[in-house]
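Structure, as structure tokens:
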Amino acid sequence: MAEFVSTRDVGGGEVVNYTQAIVEGLAPDGGLYTPVELPEPFSWQELGYMSKMTYTQLFTQVKSVLLGDDIPPIHLADITNRAFCTENFPEAVNCNVVPVEQIGDTNLYLHDLSGGPTAAFKDMALQPLARELDYVLGVDSAMLELLGATSGDTGSAAEAAVKGLGALSICMLSPKEGMSPFQRAQMGILSGGNVTNIAVQGDFDACQDLVKDTVQDPEFATIGAVNSINIGRILSQVSYYFSGYFQTVDGIGEQIDIVVPSGNFGNVLAGHIARSMGLPIRNLIVATNENDVLHELVQTGVYRKRSRTKPTSSPSMDITKASNYERLVYQLLGNNPERTHHYMHQFATKGVVSFEDYGMPADTLQRAGFLSGMSTEQDRLDSIRWTHETGGQIIDPHTADAITVARQRPCDVKTLCLSTARPVKFEYTIFEALGIRPSRPDRFTDLEAQADKKEGAFITIPPNLDVLKRVIRDIRINRPQ
Ligand SMILES: *Cc1c(COP(=O)(O)O)cnc(C)c1O
């Protein structure tokens, strides 16, 4: 059995297994579940063998090493096959759902992680995780209601993953104004059955507050949260680092750098785990936009919360703090929950905390193999143009953050830039950069029209807790048993 502990469990070191950790999400003490220890690194010989696997085989291999037998291998393989099937990844060639492509004859390579149902890399983790939850709950004939707030990609990716699964239902709040028509349509077409969309007449913070306040009420205390800190999401992202590496290098052992467009630090943390499992990654390079919490942290060792986000053209990286970073801090502080608790408490109360307060050097993260850079609005437009001119690829603004940061560096080794969304989701920025619109994959051609045709796709409510509770009670009554 793989064991997980909370990063803040100062009490007694209570250990949970993987299935408990993913069903609970957040630990009861407010900490994040994290593996007690990581598996032994793979040998180069084993890596050579893994490099010949399909993505589903590779995913099952890496995941089963991380989970032990918490989910029996035969079920894990079945979950994986369904999560990464052709129906979910219709543009995949030869079943490669995460293809790598060189940019012209440069040292830069694009790793496409956005071929899933909602055209953003959130699918890579949510597709398998929802099925794992469905399997785990199904064993006990249990049900789980999920409630979440979204202002962008997570909402549709979570709904697409949960849609049609028997043990799960999901209710997603989003601000009535503010999301792009494409994002709204992506969610709207999923309404019905076990998926409910609620448009709140308020902003994203109002949506988040409603979620928090609802689950405080004992009547709704069993509702699970959809958020970016579930350990199941992180562990589902480790395998594409292996695949990306194998597709990029000439031989096992070659060192590469990987640039990760980052917000909540989930993606890059998965890369760190892949490196700890023996993958020859030299630097993990954190790319941010103007919301540069993580860039400051890597450069100065100071973790400083921002009072508000600056809206940018790469909105999924607009963050005030980076929740998953707590898992790395725990490791850097010697797997010590007391120190982690203290560090996070200082961050929560003062809004700032530094390594030097803990007797550690300011460049602790750089010593641990992390570098960083940031981009501006203009940089992203330039990088979209540069990539199009150099290699012919059209990239989205999040990927452009990574390309910008890669281009700021010498690139003395092959550099893999993670591509986290399809440009079709950000047509306006692409048009601004290139004067053309990205072509739409067939499955999205009349998305907005389809959503418009759908009656009652969104239930509109004021930002009022009692109204929301009434809606949730109605959903419970009307749910097919
Ligand atoms: C969520 C997201 C990111 C940021 O990933 P983190 O794991 O939060 O660092 C980057 N790009 C896109 C398109 C995303 O949806």
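Asn324 meets the conditions (1) buried (at least 16 other Cβ atoms within 10 Å of the Cβ); (2) more than 12 Å from the ligand (Cβ to nearest atom); (3) touching a residue at least 40 places away in the same chain (Cβ under 8 Å); (4) not charged (D, E, K, R) in every case but one. The failed one is (2). Total residues in the stretch 375-419 satisfying the condition of being within 14 Å of the ligand (Cβ to nearest atom) and not hydroxyl-bearing (Ser, Thr, Tyr): the figure is 12.
For Met344, are the conditions met, namely being more than 10 Å from the ligand (Cβ to nearest atom) and crowded, with 21+ Cβ neighbours inside 10 Å? It is true that Met344 is more than 10 Å from the ligand (Cβ to nearest atom) and crowded, with 21+ Cβ neighbours inside 10 Å. When the stretch 201-244 is filtered for residues that are within 14 Å of the ligand (Cβ to nearest atom), under 28 Å from Glu177 (Cα atoms) and not polar (S, T, N, Q), the ones remaining, listed by number, are Val226, Ile229.
Do we find a residue being in a helix (DSSP H, G or I), within 14 Å of the ligand (Cβ to nearest atom) and acidic (Asp, Glu) anywhere in the stretch 351-358? Within the stretch 351-358, none of the residues are in a helix (DSSP H, G or I), within 14 Å of the ligand (Cβ to nearest atom) and acidic (Asp, Glu).
Selection of first residues in the stretch 432-448 that are within 25 Å of Gln378 (Cβ to Cβ) and of second residues that are among the charged types (D, E, K, R), restricted to Cβ pairs under 6 Å at least 6 apart or on distinct chains, gives the following pairs, ordered by first then second residue: Ala433/Arg385; Arg437/Glu427. Among the residues of the stretch 136-171, those that are assigned to a helix (DSSP H, G or I) and either more than 19 Å from Thr222 (Cβ to Cβ) or free of Cβ contacts under 8 Å to residues at least 60 places away in the same chain (or both) comprise Gly138, Val139, Asp153, Thr154, Gly155, Ser156, Ala157, Glu159, Ala160, Ala161, Val162. Where helices (runs of 4 or more DSSP H) fall wholly inside the stretch 366-480, the ranges with 2 or more residues that are of a type in the set (Phe, Trp, Tyr) are 427-434.
Is at least one residue of the stretch 183-192 aliphatic (A, V, I, L, M), assigned to a helix (DSSP H, G or I), within 16 Å of the ligand (Cβ to nearest atom) and under 22 Å from the mean Cα position of the chain (by Cα)?
yes
Quick check, is Ala160 modelled with pLDDT of 95 or more and under 23 Å from Ile71 (Cα atoms)? Even if it seems obvious, please write down each step before you answer.
Working: modelled with pLDDT of 95 or more: yes; under 23 Å from Ile71 (Cα atoms): yes.
In short, yes.
Within the stretch 80-111, the residues that satisfy the criterion of being among the acidic types (Asp, Glu) and either touching a helix residue (DSSP H, G or I) at 6+ places or on another chain (Cβ under 6 Å) or assigned to a loop (DSSP other than H, G, I, E, B) (or both) are Glu87, Glu91, Asp105.
Residue check: is Ala161 of a type outside the set (Phe, Trp, Tyr), buried (at least 23 other Cβ atoms within 10 Å of the Cβ) and within 30 Å of Val136 (Cβ to Cβ)? Considered against the rule, which asks whether it is of a type outside the set (Phe, Trp, Tyr), buried (at least 23 other Cβ atoms within 10 Å of the Cβ) and within 30 Å of Val136 (Cβ to Cβ), Ala161 comes out as yes.
Here are Thr340, Thr248, Thr309: which of them is within 24 Å of Gly359 (Cα to Cα) and β-branched (Val, Ile, Thr)?
Numbers: Thr248 fails: within 24 Å of Gly359 (Cα to Cα); Thr309 fails: within 24 Å of Gly359 (Cα to Cα).
Residue meeting the stated conditions: Thr340.
Cβ-Cβ distance below 6 Å, separation of 6 or more or different chains: which pairs start in the stretch 112-124 with a residue that is near the ligand (Cβ under 7 Å from one of its atoms) and end on one that is part of a helix (DSSP H, G or I) and of a type in the set (Asp, Glu)? Every condition considered, the pairs that remain are Ala120/Asp153; Lys122/Asp153. Any idea which residue in the stretch 259-286 is surrounded by the most Cβ atoms within 10 Å (Cβ to Cβ), counting only those that are within 16 Å of the ligand (Cβ to nearest atom) and small (Gly, Ala, Ser)? It comes out as Ser262. Look at (1) more than 15 Å from Ala120 (Cα to Cα); (2) within 12 Å of the ligand (Cβ to nearest atom); (3) of a type outside the set (Ser, Thr, Tyr) and you find that Phe431 fails only one, number (2).
Taken together, Gly391, Gly359, Gly369 contain a single residue that is of a type in the set (Gly, Ala, Ser) and under 24 Å from the mean Cα position of the chain (by Cα), which is Gly369.
Considering every residue within the stretch 136-150, establish whether at least one is within 24 Å of Asn267 (Cβ to Cβ), surrounded by 23 or more Cβ atoms within 10 Å (Cβ to Cβ) and within 16 Å of the ligand (Cβ to nearest atom). Checked against the condition, which is being within 24 Å of Asn267 (Cβ to Cβ), surrounded by 23 or more Cβ atoms within 10 Å (Cβ to Cβ) and within 16 Å of the ligand (Cβ to nearest atom), the stretch 136-150 yields at least one hit.
The values are calculated or read from the model by the stated rules, or taken from the named source; none is laboratory data. In this text the structure is predicted, and so the values were computed from the model without any measurement. Virtual Cβ from ideal backbone geometry, glycine too; neighbours counted across all protein chains shown.
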